[in-house]
1. Just a yes or no: is a residue in region 89-96 in a loop (DSSP other than H, G, I, E, B) and of a type in the set (S, T, N, Q)?
2. Among the residues of region 349-381, write down those that are under 18 Å from ARG393 (Cβ atoms) and in contact with a Gly (Cβ under 8 Å, 6 or more places away or on another chain).
3. All but one of (1) at negative phi; (2) touching a residue at least 60 places away in the same chain (Cβ under 8 Å) hold for GLY352; state the number of the condition that does not hold.
4. Can you confirm whether region 280-298 contains a residue that is among the small types (Gly, Ala, Ser) and under 20 Å from GLU133 (Cα atoms)?
5. Select, from GLY131, GLY69, the only residue that is modelled with pLDDT of 85 or more and either in contact with a Phe, Trp or Tyr (Cβ under 6 Å, 6 or more places away or on another chain) or acidic (Asp, Glu) (or both).
6. If you scan region 277-299, which residues turn out to be among the small types (Gly, Ala, Ser), crowded, with 23+ Cβ neighbours inside 10 Å and not in a helix (DSSP H, G or I)?
7. Of the residues that make up region 384-391, is at least one touching a Gly at 6+ places or on another chain (Cβ under 9 Å), charged (D, E, K, R) and in a loop (DSSP other than H, G, I, E, B)?
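The values are calculated or read from the model by the stated rules, or taken from the named source; none is laboratory data. These figures come from a predicted structure and were not determined experimentally. All Cβ positions, even for glycine, are placed from backbone atoms using ideal geometry, and neighbour counts span all protein chains on display.
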Amino acid sequence: MSYRREMARLVQEARSRSAWQTRLVFWGGAVVVGAASTLLAMGSSMADEHFREWASRWVWLPFLLTPAGLVAINWATRNLFPGGEGSGIPQAIAALELAEHSDRSAVLSLRIAIGKGLAIVLGLLCGASIGREGPTVHIAASVMYSLHRLGSFPIHHVRKGLILAGGAAGLAAAFNTPLAGVMFAIEEMSRSFEERIAGSLMVAVILAGMTSLMIQGNYTYFGTYSAQLDPWHAFDVIVVAGVLGGAAGGLFSAILIAGGRRLKPIRASHPYLLALGLGLLVAAIGVVSGNTTWGTGYDAARGVLEGTDPAAPWYAPLKFLATVFSYLSGIPGGIFAPSLSVGAGFGYDLSGLFPDAPVVAVGLLGMVGYFSGVVQTPITAVTIVMEMTDDHRLLLPLMATALLANGVSRVLCREPIYQAMSRDFLALVRQKAGGKETTDATEENPGRDGGVA
């Protein structure tokens, strides 16, 4: 009987006009996410290249453009698209916890998506050490969530499916890493993943990823490598990269969390003065580093892994500081790409301790160790690094390093960075909304035929 009822339900759903309308809206949204992610990637790359060219031509320019740009972006975020601040992932996570539609709309909207995309490009055009991947998650979640008015989405698709699928699709399209997008949605964005939205999430990731591939072509984010470690050398490298990388990543997360909370009164009373001061520090670090710490850090990381542009010993700590100051300035910006870049530089520094091990292998373990320490999602970290480098030979060493780094990081930073930041952001949103916790009436009575396949 249960089999017959299920078949009857599927047949009824297949004939439902409302269900097909919902599917088409959902699928169309995933395609839009892929296109938007690609557009942001192209704009970010162009902005990064232009600033580097300017900084190499006029040494004095960063001391004017970087602080002035951070102040201008702060003003725009506060006045033109409030809710668009931060890296984007904490905002998407916070939206999953908000019960009332009006509160979620203050975090996820097309206005915020457009404003955040422009802010990321402008931030890179000013030399800030920020990434686009976290903001892409926020933009994608905003796009998908905004579609709930166009279809009869049931409550679990409005609260979970649209936001989770949008976030996963955004990350997959940003890095061209579909598996990482799915794993990130499960491991980070939703600690209580629901099986009934798995199909929707997979469809969104596939469509967004295919759209990105059609526009940009098939590529690997950091190139293709074939690194291998001798079993006798692997253990030492794993322990060192896992322990030191996890400690450095945990320290980075702890500084951002504590720094954001400590600077909250100053940001409330003197936001532009804070952005100006931190912008000057970012500019000084960039000039001292020889123009290597600007932007996402993609070129530096790829140069390290390919061996074409070895990192200076001070690159990793200077990029670390530039990212901290850029984030604490209050402008929108992600930490994914800068963290991967710091990890690559950190791994290159460690390679000197292991002369018999391939530099690229140590670099990849350093990257995954540091990145796992920052985000405390070891499975996602391993999946991202493998998909971005198209290298599976180091799977076991990468997994061991990530798990060890995750454990070490939790000693220094007990709560994952995105969870801590989402809670702070959630408290701010609820404070502005007057602490409302009620559920929107439109979600209490969702359409009956809103299933999305």
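1. Taking region 89-96 first, the residues in a loop (DSSP other than H, G, I, E, B) are none.
The answer is no, given that none of the residues of region 89-96 is in a loop (DSSP other than H, G, I, E, B) and of a type in the set (S, T, N, Q).
2. Residues satisfying the conditions are SER351, VAL359, VAL360, VAL362, GLY363, LEU364, LEU365, GLY366, MET367, VAL368, GLY369.
3. It is condition (2) that GLY352 fails.
4. Checking region 280-298: at least one residue is among the small types (Gly, Ala, Ser) and under 20 Å from GLU133 (Cα atoms).
5. GLY131
6. GLY295, GLY297
7. Yes: one or more hits.
Rundown of residues vs (1) under 28 Å from LEU61 (Cα atoms); (2) modelled with pLDDT of 85 or more, yes/no style:
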residue: ARG104; (1), (2): no, no
residue: ILE114; (1), (2): yes, yes
residue: CYS126; (1), (2): yes, yes
residue: THR136; (1), (2): no, yes
residue: HIS157; (1), (2): no, no
